[in-house]
Amino acid sequence: MNPSLVILAAGMGSRYGGVKQIDQFGPNGETILDYSIYDAIQVGFKKIVFVIRRELEADFKAVFNPKLENKVEVHYVFQELDNIPSGFSVPPERKKPWGTAHAVMVTEPAIDEPFAVINADDFYGRGAYRILFDFLKAQSNQSAEYAIVGYRLDKTLSDHGAVSRGVCQSDESGYLQKIVERTKIYRKNGKIVYLDENQGEHEISGSVMVSMNMMGFTPSIFKFMNVFFKDFLEKEGHNPKAEFFLPWVLDRLIQTDQAKVKILPTNEQWFGVTYKEDKPIVQKSIRDLIVEGKYPENLWDF
């Protein structure tokens, strides 16, 4: 059975100032996600699961259904604030979704095979899809071996503000030992630093491997997530800004020896849009790739 591709597209995009998941970047109005799906299809993915907010359903279907018809199987699932276990409630002041791990959790009814996870607003490069697809093809549904595609930190920063990255530490065999979500990483005076709210700024090497939320899982992940999410809600559910992050889930699995996570390094160039000011850079990057012959001018004419 071929792996599926899960696309996390329910984020609010508060720093970007709009629905960046369906904003236009290509010469014919293509989204970043158009190029991601195109790359995924080229390496063998045949099923796409969009995780969106319910109010965006009509917009997403209008943009993607005509392009993807007869090319790939498509499903839509909804990440909603009230999609939580019984016995818990949503704080009245909470507005943002519960986080990336919760977004993956809600896909459980649509998934019955190993699957990749990506962000809707990140451009990962075809080679990254190929190595993750090959990894997933070798896994059974019961396997508790997962994967992260690793990028160099200095290739993933924005010139227009701080970014969040999962900073990875690996052992000699390339398996993840620890992953820490740093929510404020930026360049300052020729260096890369991250801000710790309790301990201030710390310098960090640009060569460290970071997660861009391009990951691979099997259906076995859901049983872990369901348990961890209840723990999260008990401890953090009252906090309107707390998020149930994928890196946190992976780190807990590793520290408790319940799963292994392989880091799959890639030399692909990442780019994405965190801020509105990133858009012209992304548009130029896509145009350059078309000129180089890596993508056709009319993406969906195949």
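The values are calculated or read from the model by the stated rules, or taken from the named source; none is laboratory data. Keep in mind that what you see is a predicted model, and the values were worked out from it rather than measured. Neighbour counts run over all protein chains shown; Cβ positions are idealised from the backbone, glycine included. These accessible areas exclude ligands, DNA and RNA; they are computed on the full protein's heavy atoms, side chains included. Shrake-Rupley method; radii C 1.70, N 1.55, O 1.52, S 1.80 Å.
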Just to be sure I understand, how many residues within the range 22-56 are free of Cβ contacts under 8 Å to residues at least 60 places away in the same chain, in a helix (DSSP H, G or I) and either among the small types (Gly, Ala, Ser) or at positive phi (or both)? 0
Hits in the range 109-154 (condition: more than 16 Å from MET209 (Cβ to Cβ), hydroxyl-bearing (Ser, Thr, Tyr) and out of contact with any helix residue (DSSP H, G or I) (no Cβ under 6 Å at 6 or more places or on another chain)): SER140, SER143
Any residue at all in the range 137-157 that's out of contact with any Asp or Glu (no Cβ under 7 Å at 6 or more places or on another chain), without any contact (Cβ under 8 Å) to a residue 40 or more places away in the chain, among the small types (Gly, Ala, Ser) and more than 30 Å from LYS230 (Cα to Cα)? yes
Checking PRO247 against (1) part of a helix (DSSP H, G or I); (2) open to solvent by 40 Å² or more (accessible area, probe 1.4 Å); (3) in contact (Cβ under 8 Å) with a residue 12 or more places away in the chain, which single condition isn't satisfied? (2)
A careful count of residues in the range 253-271 that are part of a strand (DSSP E or B) and either at positive phi or open to solvent by 10 Å² or more (accessible area, probe 1.4 Å) (or both) gives 6
Select from the range 181-228 the residues that are farther than 17 Å from TYR146 by Cβ and either touching a residue at least 24 places away in the same chain (Cβ under 8 Å) or among the aromatic types (Phe, Trp, Tyr) (or both) and list them in ascending order. ILE185, TYR186, ARG187, ILE192, TYR194, LEU195, ILE204, SER205, GLY206, SER207, VAL208
When only residues in the range 203-229 that are exposed (fewer than 12 other Cβ atoms within 10 Å of the Cβ) and touching a strand residue (DSSP E or B) at 6+ places or on another chain (Cβ under 7 Å) count, which is farthest from ILE48 (Cα to Cα)? GLU203
Could you check, for the range 273-285, whether at least one of its residues is touching a strand residue (DSSP E or B) at 6+ places or on another chain (Cβ under 6 Å), open to solvent by 20 Å² or more (accessible area, probe 1.4 Å) and not in a loop (DSSP other than H, G, I, E, B)? yes
Pair list, Cβ < 7 Å and 6+ apart or interchain, from the range 57-79 residues that are among the aliphatic types (A, V, I, L, M) to residues that are open to solvent by 50 Å² or more (accessible area, probe 1.4 Å) and not in a helix (DSSP H, G or I): VAL72/LYS46
Exactly one of ALA110, ALA101 is open to solvent by less than 50 Å² (accessible area, probe 1.4 Å), of a type outside the set (Asp, Glu), at pLDDT 95 or above and closer than 15 Å to LEU233 by Cβ, and that one is ALA101
